[in-house]
Structure formats: structure tokens, C-alpha cells
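Comments concern the structure below.
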Amino acid sequence: MTRLLAGLGAAALGLLAALGRIAIFAGRTASHLVRPPFYPREFGHALMQVGYFSLPVVALTAFFTGGALALQIYAGGARFSAEAVVPQIVAIGMVRELGPVLVGLMIAARVTSSIAAEIATMKVTEQIDALVTLSTDPMKYLTLPRVLAALVVMPVLVGVGDVIGIYGGYLVGTQKLGFNAATYLHNTATFLQATDIVSSLVKGAVFGVIAALMGCYYGMASDRGAMGVGRATKASVVAAAVLILAANFLLTQAFFAA
Amino acid sequence: MIEIRGLTKAFGANHVLRGVDLDVGRGRSMVVIGGSGTGKSVLIKCILGLVTPDGGTITVDGTEVTRQPRDAFLARFGMLFQGAALFDSLPVWQNVAFRLLRGAGALPRREAREVALDKLRRVGLGPQVADLYPAELSGGMQKRVGLARAIAADPEIIFFDEPTTGLDPIMAGVINDLIREIVTEMGATAITITHDMTSVRAIADNVAMLHGGKVRWSGPITDLDRSGDPYVEQFIHGRAQGPIETLR
Ligand SMILES: Nc1ncnc2c1ncn2[C@@H]1O[C@H](COP(=O)(O)OP(=O)(O)OP(=O)(O)O)[C@@H](O)[C@H]1O
Ligand SMILES: [Mg+2]
């Protein structure tokens, strides 16, 4: 029993220590925002990697989820003759929760893992050391552009995801469930409020920062060898996913639990 | 110009450096020899601050390295890593010109490329490799690109970690001559790590042998053959029998 408690305590302390290190890492990253030199090329490259190349996966995820959501709400609503709420609930569900969370998780899978693997490999093959000897700060050259790119581009991705998710619901609603196209769109548009959209984009920005930061942090902290790279990648994705879900809860609380 | 006193470094229970003392004069070529795993790479990484020493002092030009402004300090150095450590996201010429393309006083891309091509030529690589990526090169070619990158900004102090391993004998000769030339003509200060006794004789003004975490013997190259030290004797003649254990 005491062993179990001691184990739990150690795990909790470990988690707090890791959070502390991540917070320091985030602070150091932010401090480079105001100190030149800057690396616009790296930033542009990161924008493409995080943003543009993620569009297909974001679109597919949102599309199928929006469609499935419409089917479920229709089936559920039918039990108390509330089938008509499909457009409204699809819109709210996508914009407030599913859009940001799913896009965040997809980015954790796609971007966090690739950032962590890339930086960890650089660490293991002494490329990070080489950067330092060439008077280039790895935080400035590798971390900041990626985090900044994710911050800028994730709200856009989430916005795209929201729209495509709603479109998925719209297609299912009008083609399969017999909704009138104009009414569906009208109900969607009038039901959504500014806070819904703002919360969606803010969540996107926060999740983007989390995803990129975790990739960089675990990459930089990786051990030597191929196993180190594997471990860093795995840990970064797990941490990013958990932190995104936790942050989502806190943000939902902040926006809607009035 | 580089003075190391009582340098110690351990990784956990592995005491790699146990009090290293070493002096390298300005414009001199120091070669560090020693068995595999004796801490030669760790030693030069300590000087550059890539590895934090546990104890001892390292001074460059009379000032302790930890007190020197980091950017200005590093700008004086060039370093060839043992594994070349090329940036695999950048083509060869941008690797070589990395420092020239960035920071204060950065050159325009065209000029930087010219310098890179020139440095590549000096390590025996033609312009056709300039636009390849490091992964497309052989191990020896990567090493030479690493060398070109180390000398690209004409640094005052250059560290070469095993510059000729993985090269054919002719190319090794070219690189030995290049290092010698950089020291004699450009007046650079060099520390070279090598296992290759031909290189030692071609490059060194002074030799230091690392063993057991300390400098076992050091002296001018002319004294190497009459060091009278059984460790040095065994090492330079590559004998399996002698005071140095072969299991380490
Ligand atoms: N970052 C590190 N973490 C843990 N141990 C390390 C680290 N770097 C080096 N070591 C250990 O330090 C010792 C010396 O390593 P070093 O790379 O300096 O050897 P070396 O003399 O350069 O050998 P070689 O001639 O084979 O390159 C080795 O036992 C190695 O395991
Ligand atoms: Mg070594």
C-alpha cells in the first residue's frame, strides 16, 4: 500500500517537474520573440509544413466527422421528435468542440511527431551542437519559427475544419435526411454566435502552440541513439494530445461555463 | 592562447576527464591522440561549451571561456565534428556557407555561394556536389563538407575531430596538407584529434596523448619517437601488447 502511494507520489512529482521544465522552455522560446536575429526563411518553411501540408488531413477529418455528427443527432433527436435541430447542433458541435479538438489532435499526430523526430535526430547526430558552434541559437532557429508558425496557422486550419465539418453535416442533411438546403444554411448561420467562432479560433491558436512546443521540447531533450529519437517522438505526441484535451476543457470552461 | 587546467568531466559513474592540463600556443597545431573512448571529443566540446565541465578552468587569451560573450567567442571558432554533423535539410553549399549567410555581416547569397564553392574545392570537392543534399554523399565526402564548413569563415581557432577517418590515403594526404596550410599560411590555431599516425606527423607542431582521463605525455612532434613513455610507444606503433589495456 505504501509502495503504491509512494509510486503515485513519485509520478505526480515527476509530472509537476516536467510541467515546470516545459513552462521554462516556453518562456525561453517567447523571450526570443523580441531578440534578433530572426529567421524568416525558417518561419516560411514552418508555415508550409504546419499549415499548408496539413490541409488535406484536416479537411478529411472534419468532413467525415461533420457527416457522422449529422447522422447521430438526427437519430438521437428522432427519439423525442427533435430531428429539426440537426443544423444547429452540428454547427455548435463542430465550431465549439469537435473542430478545434480534432484538428488539434491531428496536428499533434502529424506535426508534433515530425518536429520531435526531426529535432531529436538533429540532436543525436550533433547537428544541434553544430548550430551552436556556428553562432546560431537552436531555440531561435528551430523552436521559435515552428511555434510561431503553429500559432498563426492553426486558427486558419481550425476555421477551415469548422467550415468543412459543417459542410459535411449539410451534405448528409440535405442528401440523406431530407433537409431543405436553404433552410439548413439559414439555421446554421443564424444559430452560431460570435463567441462560438472566437472560442474556436482561440482554441486553435492555443492547441497549435502546445503541439509545436511539445515537439520541440521533447526533440531537444532526447537521449542519444535511435531509441532516444523513438522515445522522444512518442512522448511528444502523448504529451501534446493530453495537454490539448486538458487545455480544451479549461478553455471551454472559460468561454461557456457562465 | 588556449590554457586548460585540471579539467574534469564525468557522465554518471563514467569519469572521462580526471584533470586534464593542456596548452596550445597561438598559431600552433596541436594534435591530440589517445585510445578510442578516452575523452578526446569530450575535451574539445568542453572548450566550446557544448559540454559543461565538472571542474577545472579553460581560458582563451587569458580570459575564462565562461566569462567571454558567447557570440563573439564562438565566432572565432570553426569545428569539424567527428560525425560531420551536416544539416540534412540544407544543400551542401548552404551547409558550408551557413555562417556566412546569417547574422550580422551576412554576405549576399551569390557571394556566399562563391565562397562555399571555393572552400569545397579546397577539400577536393567539385561544384557538382554543391546542390546535393548531405544524405546523397558518401561518408568521406560528408566529412570533407564538414571540413569546408569549419573553415568557411576563416576562423582563428579550428578544431578537427578525426578529419581523415573514412578517407582514402590520397584524400587523407590532401586534407593533411590543407590543415597544415591553414595553420602556417592563415596563422590559425588548431587542435586536431586523430588516430592516424601519418596525419599526426603531417599536421602536428605539438602532440598530447590522452590516457586515463589525463594528458599522459605531451611535447613537440620531434620528440614523439623518443618520448620514453611506454604508453606512447605502444600507441604510435600500434602494438596489442603493452601497458594500455585493449579491453575498454
Ligand atoms: N553526452 C554523453 N553522455 C554520456 N556519455 C558520454 C557523452 N559523450 C561522451 N560520453 C562518454 O565519454 C567517453 C569519451 O567519449 P569521447 O567521444 O570523448 O571519446 P573519444 O576519445 O573521442 O573516442 P573516439 O576516438 O572513439 O572518438 C565515452 O566513454 C563516452 O561513452
Ligand atoms: Mg571522438
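Normalised by 2.2 N^0.38 Å, where N is the number of residues, the alpha-carbon radius of gyration of segment A:38-250 equals 1.18.
Close amide H contacts of B:W217 (hydrogens built in the peptide plane, cut-off under 5 Å, sequence separation of 5 or more or a different chain): B:M209. With the largest listed first and rounded to whole Å, the semi-axes of the equivalent ellipsoid of segment B:123-248 from the Cα gyration tensor are 30, 18, 12. Taking amide hydrogens as placed 1.01 Å from N in the peptide plane, the amide H of B:G19 sits under 5 Å from those of B:L7, B:T8, B:K9, each at least 5 positions away in sequence or on another chain. Over all pairs of different C-alpha atoms in segment A:169-258, the reciprocal of the mean inverse distance, the Kirkwood hydrodynamic radius, equals 16.2 Å.
Only one residue of A:V163, A:A59, A:G178 has its Cα farthest out toward the positive end of the dipole of segment A:38-250, where Lys and Arg carry +1 and Asp and Glu -1 on Cβ, and that residue is A:G178. Per the Debye calculation on segment B:6-55 with a single equal scatterer at every Cα and no solvent contribution, log₁₀ I(q)/I(0) for q = 0.18, 0.21, 0.24 Å⁻¹ amounts to -0.58, -0.78, -0.99. With unit charges on the beta carbon (Lys/Arg positive, Asp/Glu negative), name the residue among A:V90, A:V152, A:A78 whose Cα is farthest towards the positive pole of the charge dipole of segment A:50-188. Value: A:A78. In this structure, the residue pairs whose Cα-Cα separation is over 32 Å, taken from B:K40/B:K119; A:K234/B:K45; A:K203/A:K234; A:K203/B:K45; A:K140/B:K9; A:K140/B:K143, are A:K203/B:K45. In sequence order, segment B:53-70 has phi-based couplings of x, 7, x, x, 10, 10, 10, 10, 6, x, 10, 4, 5, 5, 9, 7, x, 4 Hz under the Karplus curve 6.51 cos²θ - 1.76 cosθ + 1.60, θ = phi - 60°, and Gly or Pro positions carry x. Taking amide H as placed 1.01 Å from N in the peptide plane, B:M79 has its amide H under 5 Å from the amide H of B:F159, each at least 5 places away in sequence or on another chain. In summary, the aspartates and glutamates within cross-link reach of A:K176, defined as a Cα separation below 17 angstrom excluding same-chain residues under 8 places away, comprise A:E83. Computed about the Cα centre, the dipole magnitude for the protein assembly as shown is approximately 880 debye when only Lys and Arg (+1) and Asp and Glu (-1) carry charge, each at its Cβ.
Panel note: the C-alpha atoms of segment A:54-161, placed on their principal axes, show extents of 69, 22, 19 Å (largest first). How large is log10 of I(q)/I(0) for chain B at q = 0.07 Å⁻¹ when the intensity is taken from the Debye formula with one equal scatterer per alpha-carbon? Values, matching the q order: -0.24. Other residues within the sphere of radius under 11 Å centred on the Cβ of A:S31, judged by their own Cβ, net out at +2 (K and R +1, D and E -1). The Cα atoms of the protein assembly as shown define a convex hull whose projected area, averaged across directions, is 32.1 nm². Take every DSSP beta bridge whose two residues both sit in the protein assembly as shown; close to 55 percent of them are antiparallel. Inverting the pair-averaged 1/r between distinct Cα atoms of segment B:35-93 gives 13.5 Å as its Kirkwood hydrodynamic radius.
Working value for segment A:1-94: equivalent-ellipsoid semi-axes of 41, 31, 12 Å, each the square root of 5 times a Cα gyration tensor eigenvalue, largest first. Here the sum of -39500 (n - 2.57) over DSSP H runs of 4 or more residues, divided by the residues of the protein assembly as shown, equals -18500 deg cm²/dmol at 222 nm, to the nearest 500.
Every read-out reported here was derived from the displayed coordinates using simple, explicitly stated rules and does not represent laboratory data. Values in this document were obtained by computation on a predicted structure and should not be read as measured data. Positions of Cβ are backbone-derived with ideal geometry, glycine not excepted, and every protein chain shown enters the neighbour counts.
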